[in-house]
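Take a look at the structure below.
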Amino acid sequence: MFRRFSLRTTQSSLKRVKQQQTAVFSANMRFQRNYSLLVDRKSEPELKKDFVDKIQKVKEMAKEGGGAARVEKQHEKGKLTARERIELLLDKGSFREYDQFVTHRCTDFGMEDKKFYGDGVVTGYGKINGRLVYVFSQDFTVFGGSLSETFAQKICKVMDQAAKVGAPVIGLNDSGGARIQEGVDSLAGYAEIFQRNVNASGLVPQISLIMGNCAGGAVYSPAMTDFIFMVKNTSYMYVTGPEVLKTVTREEIDHEGLGGSKVHTRTSGVAHYEFENEIDALKRTREFISFLPQNNNEMPPKTETSDPIDRKDAILNDIIPSSSTAPYDMKDIINLIVDERDFFEIQPDYAKNILTGFGRFGGRPVAIIANQPNELAGCLDVNSSVKAARFVRFANAFNIPILTLVDVPGFLPGVNQEHSGIIRHGAKLLFAYAEATVPKITIITRKAYGGAYDVMSSKHLRGDLNYAWPQSEIAVMGPEGAVQILGRNMGEGTTKEKEDAYRAKFASPLQAASRGFIDDVIMPVDTRRLIIEGLELLENKHLENPPKKISNIPL
């Protein structure tokens, strides 16, 4: 019984195998006939040419963005396309693109029939003045520049690569926000980008140019980068747009009034510079990045200069008014001491009572922080403390020496300042200076009173070289205030005599110098030479903070 069953099974199996062999043979014959017909029609070189032509066609389609009509509409608004922006930003012919063939994967709401090669963002790398940068440029002509899953993946790829090789990332933002059709996939894409912004922070410079809309969740990526540049009348940033505000809060305001370049460079402090047009923004960005190193392991690039190290401008000796309360423009001093009188100011229209920006001394890039007596007498307040603190921390992260020019009467008094948190915000600047390990050179040009003296890169916060001009006053407070408090204990004499006596004994730079808090009292005309000599002296400075996970700055 068992043997008969096995025999039948074996015969059945052999029959099935024979049938399968016949089927495979027939299929093979059909393939050979079809291949022969194909080869007869087209030779192998022709097939290869067709494939190459198809690739070229896809690349041309990718370069068209959302099509000629949408490109024309973009130009009518005074805006460049994503690719035109890259072309102007990078050295000619240096751009190499990633992921031209990428399209979205959404199949809802009819999206499967609406696909554009590149999916609304142009990504890749190139060079600025011969130095490597990574770039992404959002294309408003494709779905309004809205962010999809694949759109985010393209941006993440260049950010990962930039972090890996140690090169700056420049983002050209022009987006309506999340691509609604993709739902949570779009939101996940934003979070992936945010994580990379954080990972790259302090590792490579990150610069955001807002070239159009930047709304909703899209604003938080630029907000976490090091610098944000905007364009007049065409760039906007806000979490909630005017239409939603009108519905929810009954507030009526236009795009410019809610989140235009003037708002963010003058009122909110979100942006660092406002440019006249896109061409100006791209041109100045090329200039700006020349001050920065490629990453946190490199020193900022030194350039050749014909400006003499020992150049002396006699006007410096008379630039400070005789009255300690008379205003003057600290920018005049900066322009007289930097190379080629070239000062690239950061946030020039926000918190004007303090100046921040980049200059060069002997070809070396330097971060400059200076009190501005022309505004609020140079007092430190909430906004100026935050502005300067962030700038100091950027310089420290990227090995850029810090020059501090001091003329500060103290922290701005007032109920509004106290209620706005001047204690917490002022502590940010103090913390930033104390934490900084890069070379720090400080020049007191006229006065440094009270706690503000300590905060502005004093010797007590590990200042490397601290100088004072002859007329400078360093004291707990100015002579006028001191006499009001101490007058009765100062003996006989007029108020002016007591003020002069206080100034001579307590406010003179000689007292601070006698204690080693000031390294030297210098003539103003020697300032440039001493700064350059100091930078050379400190070129190999090595200082580390105590080992810890992170510092808990009072945010």
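The values are calculated or read from the model by the stated rules, or taken from the named source; none is laboratory data. If you're wondering where the values come from, they're calculated on a predicted model, not measured in any experiment. FYI the Cβ positions are ideal-geometry reconstructions off the backbone, even for glycines, and counts take in every protein chain you see. What goes into the accessible areas is simple: the full protein's heavy atoms, side chains included, and nothing from ligands, DNA or RNA. Shrake-Rupley method; radii C 1.70, N 1.55, O 1.52, S 1.80 Å.
For the chain, the longest principal axis of the C-alpha atoms and the axis of helix 149-165 are separated by about 60°.
Suppose R0 equals 56 Å; then what is the FRET efficiency for Thr325 and Glu304 from their Cβ-Cβ distance, rounded to the nearest 0.05? It comes to 0.85. When Arg96, Arg528 are compared by accessible surface with a 1.4 Å probe, the order from highest to lowest is Arg96, Arg528. Taking a ≥ b ≥ c as the square roots of the Cα gyration tensor eigenvalues, segment 68-107 comes out oblate, since a/c reaches at least 1.5 and a/b does not exceed b/c. For segment 335-481, the antiparallel share of DSSP beta bridges with both residues in that region comes to about 40%.
Among the listed values [x] 63, 25, 24; [y] 57, 29, 24; [z] 43, 25, 23, the one matching semi-axes √(5λ) of the Cα gyration tensor in Å as calculated from this structure is [x]. Rolling a 1.4 Å probe over the protein heavy atoms leaves Met490 with an accessible area of roughly 60 Å². Could you name the aspartates and glutamates whose alpha carbon sits less than 12 Å from that of Lys283, not counting residues in the same chain fewer than 8 places away? The reachable aspartates and glutamates, counting only those whose Cα sits under 12 Å from Lys283, are Glu87, Asp91.
In terms of solvent-accessible area of protein heavy atoms at a 1.4 angstrom probe, what is the ranking of Lys92, Lys331, highest value first? Walk me through the numbers before you get to the answer.
Numbers: Lys92 205, Lys331 65 Å².
Output order, biggest surface exposure first: Lys92, Lys331.
With a threshold of 29 Å on the Cα-Cα distance, the over-threshold entries among Lys48/Lys79; Lys352/Lys498; Lys73/Lys114 are Lys48/Lys79; Lys352/Lys498.
Using the 1.4 Å probe convention, the accessible area of the chain works out to 50 Å² per residue with neighbouring protein chains retained. Carbon-plus-sulfur accessible fraction, segment 137-203 (probe radius 1.4 Å, protein heavy atoms only): 56%.
How would His425, His419, His460 rank on accessible area, largest to smallest, probe 1.4 Å? It would help to have the intermediate numbers written out before the result.
Numbers: His425 25, His419 155, His460 90 Å².
Greatest to least solvent exposure: His419, His460, His425.
Would you mind telling me the antiparallel percentage of the DSSP bridges in the chain, rounded to 5? Among the beta bridges of the chain, antiparallel pairing accounts for roughly 35 percent.
With R₀ fixed at 22 Å, the C-beta to C-beta distance from Ile253 to Tyr220 puts the FRET efficiency at about 0.55.
Between Glu72 and Asn335, the distance separating the two model label sites (each 7 Å from Cα on the Cα→Cβ line) works out to 4.6 nm. Entry note, segment 475-555: relative contact order of 20 percent, from Cα contacts under 8 Å with a spacing of 6+ residues.
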